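J.: Below: one structure in structure tokens.
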Amino acid sequence: MKMKKFIAVLAAVSMVAAMAAGCGSKEDTKAEGDAATEEGGEAGSWDAANMITAVTREEGSGTRGAFTELFGVVDEDDNDMITLDAQTTNSTSVMMTTVSENEYAIGYISLGSLDESLVKAVKIDGVDATAENIENGTYKVSRPFNVAVKPDSDNAVAKDFMAFIMSTEGQAVVADEGYIPVAEVEAYAGEAPEGSCVVGGSSSVSPLMEKLIEAYAEVNPNASIELQTSDSTTGMTSAIEGSYDIGMASRELKDEEAAELEGTVIATDGIAVVVNKNNPTDDLTSDQVKNIYLGDVTTWDAI
């Protein structure tokens with residue numbers, strides 16, 4: 001009988017201990033969750049007092065060059081003045097991924113490459129970043145997409161492909177991809193030569209060029225075109241050196257480049273300023289963007 005009472009008491013003590021442990025586990029879990037919220041780890045915890053992470057493209061990028069010029073992030077001699085605290089990425093896709101993974105980041109990309117499932121484009125000076133607003137002149141942050149060849153180039157495929165790009169069919173691809181096409185073009189009347197050529201340069205122009213190459217293959221299956229993605233400066237220098245038959249730049253050609261190359265504007269593109277989708281900011285002025293990238297504004301609540 002005494003043994004039965006002992007076992008009953010022991011069982012009761014074990015049950016109480018288990019309940020206490022369970023309560024402690026729940027409290028610990030709640031505390032951990034609270035800590036995560038305080039650190040900004042859960043949805044709805046966006047805090048404007050946090051530091052802005054300015055994300056920029058690498059030196060040599062045409063998008064960076066156009067961005068600094070358009071927003072005035074330059075000194076009196078037009079030298080790039082983007083803050084050294086900015087985080088550098090080397091392509092449009094990496095820029096979007098970087099911003100999508102950091103709630104307090106801001107970046108800039110080709111409007112035609114904008115993926116709204118990853119990032120949010122903000123209005124600039126109250127105007128939405130759209131191709132329509134670029135065309136009607138209300139969205140001012142735009143730049144040309146240039147391709148360039150050596151004037152004495154004798155690559156028949158490169159010449160024919162250029163003719164296709166600047167044709168009605170080629171410019172239809174430009175419009176379909178969300179860029180502003182060139183006006184007053186005529187139907188493609190090329191000769192569809194056999195051979196190959198190399199096109200390379202700007203990572204902003206590259207997605208459009210890929211679509212143009214695909215469309216050209218339908219009218220000239222005899223040609224092979226290799227696309228190499230780098231940056232605008234590499235696109236121009238490689239075209240000058242001859243390793244690219246056609247160079248791509250998402251900016252105006254520099255004087256020294258134009259002296260050796262024949263440039264052609266194939267489209268007009270906007271530059272979209274993008275933030276994380278959890279960021280409630282929807283509109284920035286040009287001066288606010290400028291001050292962020294100069295490093296003069298460092299927290300979101302200072303906007």
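J.: Among the listed residues 237, 229, which satisfies the condition of being of a type in the set (S, T, N, Q) and free of Cβ contacts under 8 Å to residues at least 24 places away in the same chain? Steps first, answer last, please.
T.: Values: 229 fails: free of Cβ contacts under 8 Å to residues at least 24 places away in the same chain.
Criteria check complete, one pass: 237.
J.: Any chance you could count how many residues in segment 185-203 are over 22 Å from the mean Cα position of the chain (by Cα) and not in a loop (DSSP other than H, G, I, E, B)? It would help to see each step written out before you state the result.
T.: Keep residues of segment 185-203 that are over 22 Å from the mean Cα position of the chain (by Cα), which gives 185-198.
Filter again for not in a loop (DSSP other than H, G, I, E, B), leaving 186, 195-198.
Of the residues in that region, 5 qualify.
J.: Of all the residues that make up segment 162-175, how many are within 21 Å of residue 197 (Cα to Cα) and under 20 Å from the mean Cα position of the chain (by Cα)?
T.: Of all residues in segment 162-175, those within 21 Å of residue 197 (Cα to Cα) come to 162-167, 169-171, 173-174.
Within this subset, residues satisfying the condition of being under 20 Å from the mean Cα position of the chain (by Cα) are 174.
Summing the residues that are within 21 Å of residue 197 (Cα to Cα) and under 20 Å from the mean Cα position of the chain (by Cα) in segment 162-175 gives 1.
J.: Taking the condition closer than 21 Å to residue 160 by Cβ, surrounded by fewer than 14 Cβ atoms within 10 Å (Cβ to Cβ), modelled with pLDDT of 95 or more and of a type outside the set (A, V, I, L, M, F, W, C), does residue 191 pass? Reasoning before the result, please.
T.: Values: closer than 21 Å to residue 160 by Cβ: yes; surrounded by fewer than 14 Cβ atoms within 10 Å (Cβ to Cβ): yes; modelled with pLDDT of 95 or more: no; of a type outside the set (A, V, I, L, M, F, W, C): yes.
Criteria not met by residue 191.
J.: Another one. Would you tally the residues in segment 72-92 being hydroxyl-bearing (Ser, Thr, Tyr) and at pLDDT 95 or above? Before you say what the answer is, go through the steps one by one.
T.: First, the residues of segment 72-92 that are hydroxyl-bearing (Ser, Thr, Tyr): 83, 88-89, 91-92.
Right, trim to at pLDDT 95 or above and you get 83, 88-89.
Summing the residues that are hydroxyl-bearing (Ser, Thr, Tyr) and at pLDDT 95 or above in segment 72-92 gives 3.
J.: Tell me yes or no: at least one residue of segment 176-184 is under 23 Å from the mean Cα position of the chain (by Cα), among the acidic types (Asp, Glu) and surrounded by 14 or more Cβ atoms within 10 Å (Cβ to Cβ).
T.: yes
J.: What strands (runs of 3 or more DSSP E) lie completely within segment 204-303 and have 2 or more residues being crowded, with 24+ Cβ neighbours inside 10 Å and in contact with a strand residue (DSSP E or B) (Cβ under 6 Å, 6 or more places away or on another chain)?
T.: Details: elements: 223-230, 246-249, 262-276.
Fully inside segment 204-303 and qualifying: 246-249, 262-276.
J.: Considering (1) at pLDDT 95 or above; (2) more than 28 Å from residue 135 (Cα to Cα), say which one residue 284 fails and leave the rest.
T.: Residue 284 satisfies every listed condition except (2).
The values are calculated or read from the model by the stated rules, or taken from the named source; none is laboratory data. Everything numeric here is computed off the predicted structure, so don't read it as measured data. Counting neighbours? That spans all protein chains shown, and the Cβs are built from the backbone with ideal geometry, glycine included.
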